[in-house]
1. Counting Lys and Arg as +1 and Asp and Glu as -1, what is the net charge of the other residues whose Cβ lies under 14 Å from the Cβ of residue 226?
2. Is region 253-309 rounded, prolate or oblate when judged by the Cα gyration tensor, a ≥ b ≥ c being the square roots of its eigenvalues, rounded requiring a/c under 1.5 and prolate requiring a/b larger than b/c?
3. Please sort 295-302, 187-194 by packing, taking for each peptide the average over its residues of neighbouring beta carbons within 10 angstrom, highest first.
4. At a 1.4 Å probe, what is the % contribution of carbon and sulfur to the accessible area of region 48-174?
5. So, for region 233-309, what is the accessible surface per residue at a probe of 1.4 Å, expressed in square angstrom?
6. Take each of the peptides 284-294, 262-272, average the number of other beta-carbon atoms within 10 Å over its residues, and list them starting from the highest.
7. Which semi-axes, in whole Å and largest first, does the equivalent ellipsoid of region 166-309 have when worked out from the alpha carbon gyration tensor as the square roots of 5 times its eigenvalues?
8. Once the Cβ-Cβ distance between residue 245 and residue 188 is put in as r, and R0 is 30 Å, what FRET efficiency do you end up with, to the nearest 0.05?
Amino acid sequence: MRASRQVTVVASTLLILCLASSVILLRHVDQLRAGATLEEVLYISSPKLLKKLSLGYSGLLADIYWTRAVQYFGGKHHEGASEYKLLAPLLEITTTLDPHLTIAYEFGANFLAPAPPNGAGMPAKAIELVNNGIRSEPDNWRLYYELGFIYYIDMKDYAGAEKAFTRGSQVPNAHPFLKVLAAQMAQHAGDWQTARMMWGTAYATANDPAIRANAAAHIRALEVDRDVTALEIFTDEYKKRTGHAPATLSDLVAAGMLRGVPADPLGHPYKLGADGRVQVTDPDDLPFIQKGTPPGYVPPKKPKILPSD
C-alpha cells in the first residue's frame, strides 16, 4: 500500500506540474497576443526548446510566431530598413513549431531573399528555409519553383535553378511549366526572354495580390530595360548618319527611324535627357529598372509598386 501511495503521490505531483506549466504557457500566449515586443517573443530563441515547452500547442504557437514574422517584416519594410536581424530566427521558430505551415516557407522566402529595401537580402537563408519546407512537404511543386526562383533571380546560380526546377517537375501533379523552366536554365539562363518568362510564371501562379503586383513591376522593368537599350541603338545610329545627336525622340521619327515616339509600359512617352540618354518620364513609377533613369537618380527607400491588373 505504501508503494502504491507513493506512486499516486508522484503521479499527482507530476500532473499538477504539467497543468501549472500549461497555465503558464497559455498566459504567455495571451501576453504575446496582447502585443508583447519581438524581443520578448525571442526571449526563448531555441525552436526545439519552444516546441518541447508547447505541451501540444505547437500549432498555435507557430501561428503566433508567423504573425510576428509578418508584422516584423512589414514594419521594417515600411521604414525602408536595411537590416532584418530577427526575420530568419522568427521564420525558423515558426517552421520548427509547425513544419507543414507552407505559407511560412513561400512568403518567408519572399521576405528573406530580395535585396533591401525590397527584402532582407539573405538569399542563402531563404534557400535554407525552402529546403526545410521541401523536406517536410516533398510533393509540393511550388516549393521547388520557389527554390529555383531564388537561385535564378537572387543568386544568379543558373545550375542551382535548373536542378531545383528539374526536381520539382518530377513530383506528382507538378506544374508542366517546371520542365520548360529547367530547359531554359540549361540553354538560355541569364537572357531577357528567360527573365521575362520567370516573372511571367510568378505572376500567373501567384494567388497573393502583393506577389502578383511585385512580379508585374519586375516585368515592366524588364520591358523598360529592353526598350531603352533598343532606343539608344537608334540614337547612336542617328548620330552616325547626321553627325549630331538627336534633340528629341521626335527627330528619330522625322528621320524615318521610328514610327512614333514609343511609350513605357505605363503609357508615358520616353524622352531624351540633357546627356542624350533615353529616360522614362517618372522612374519612381517603375521600380527595379536598370536603365532609363536620369543621372544621379536615387530610388525611394520604399519602392512604389502599383497594383496588378
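1. Local charge sum for residue 226: -3.
2. It comes out oblate by the Cα gyration axes.
3. Result, highest mean first: 187-194, 295-302.
4. For region 48-174, the apolar C and S fraction of the accessible surface comes to 53 percent.
5. 63
6. 284-294, 262-272
7. Semi-axis lengths for region 166-309 are 35, 19, 12 Å.
8. With R0 = 30 Å, the Cβ-Cβ based efficiency is 0.30.
The values are calculated or read from the model by the stated rules, or taken from the named source; none is laboratory data. Values in this document were obtained by computation on a predicted structure and should not be read as measured data. FYI the Cβ positions are ideal-geometry reconstructions off the backbone, even for glycines, and counts take in every protein chain you see. To get the accessible areas, we keep the full protein, side chains included, count just its heavy atoms, and leave off ligands, DNA and RNA. Shrake-Rupley method; radii C 1.70, N 1.55, O 1.52, S 1.80 Å.
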